[in-house]
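*Asks:* Before I ask anything, here is the structure I am working with.
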Amino acid sequence: MGLRILSEKERQKNIDDNESNLIAQLQGVSKKFKSTKNESLHDINLEVYQEDFLSILGSSGCGKTTILKMMCGLIKSTAGKINWPTSNFQNSSENPANLSFVFQEPNLLPWMNVYDNIKLPLKIYKENSYKADENIYDIIKLVGLEGFEEYYPRQLSGGMSMRVSIARALVTQPKVLLMDEPFSALDETRRFDLSQEILKIKKEKKLTVVYVTHSIYESVFLSNRIYVMQSNPGKIFEEFDFSNQEKPEDYRFTPQFFEQTKIVSDSLKRAQNAE
């Protein structure tokens, strides 16, 4: 079947076996906001390996987005450690781990066209103009935006706007892409199309992706590993590993896919009952 719930012993063995490929590790990470009485997240232990497509799956309010924001240094943890063994990234704004973040909303600047919205990070980093232009056109082609360079955000559909957001994240050539429910506002057809695009881009760019979602189908389709979370406070409930499984092009329409979504769905239900 290719899907396994990992025990703590198996999880630790994976860490030991894949230590050289370990990109990020959260160890006993907790978060308590000043505005709340209780912890939002408690004792999060999570690993990210090179070229992972790791999904964090859970209901709204379980702290999925908070994990991403702590990983890239937008907010600080209350307890525990966030380690980036292959870089000196330690919750700083300098970002030497070469991260990019794709938010739920495209957040495009309405007075800039598609090309200039994508170019914005390179302007901030003061990249060489000729080199930047060459890179931008490569990314535009990669995400399927050819012919839309002069369009403004008001002229774009939701799916096209999200393509611009993804292109803007990719233009700095990151190694790690953090994605916070980027397709949640899209209809099913556009979600499917963009999911296929993300897998293609991940493979071509050899990206590591950490993906937050509340869609069971999306997580099973996209991921090689899934962390299922429970709420109140947010905790890792179970981890699933698909790493040894081949996913054919029509995987979404196979009995195996439906069987695996059922297993992950049952896990999510158990997590909600445990809250």
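The values are calculated or read from the model by the stated rules, or taken from the named source; none is laboratory data. Bear in mind the structure is a predicted one, so any value in this text is a computation, not a measurement. Ideal geometry is used to build each Cβ from the backbone, glycine not excepted, and the neighbour counts take in all protein chains shown.
*Asks:* For the subset of the range 230-275 comprising residues that are touching a Leu at 6+ places or on another chain (Cβ under 7 Å) and assigned to a strand (DSSP E or B), which member is surrounded by the fewest Cβ atoms within 10 Å (Cβ to Cβ)?
*Replies:* Out of the qualifying residues, it is 241.
*Asks:* Restricting to the range 217-229, and then to whatever is modelled with pLDDT under 95 and of a type in the set (Phe, Trp, Tyr), can you tell me which residue is surrounded by the most Cβ atoms within 10 Å (Cβ to Cβ)?
*Replies:* Here the answer is 221.
*Asks:* Please go through (1) over 24 Å from residue 24 (Cβ atoms); (2) at pLDDT 90 or above; (3) surrounded by 18 or more Cβ atoms within 10 Å (Cβ to Cβ) for residue 165 and return the number of the only condition it doesn't satisfy.
*Replies:* (1)
*Asks:* Might you let me know whether the range 126-138 holds any residue that is small (Gly, Ala, Ser) and in a helix (DSSP H, G or I)?
*Replies:* Yes, the range 126-138 contains a residue that is small (Gly, Ala, Ser) and in a helix (DSSP H, G or I).
*Asks:* Then there is this: Within the range 157-172, how many residues are more than 14 Å from residue 146 (Cβ to Cβ) and not small (Gly, Ala, Ser)?
*Replies:* 6
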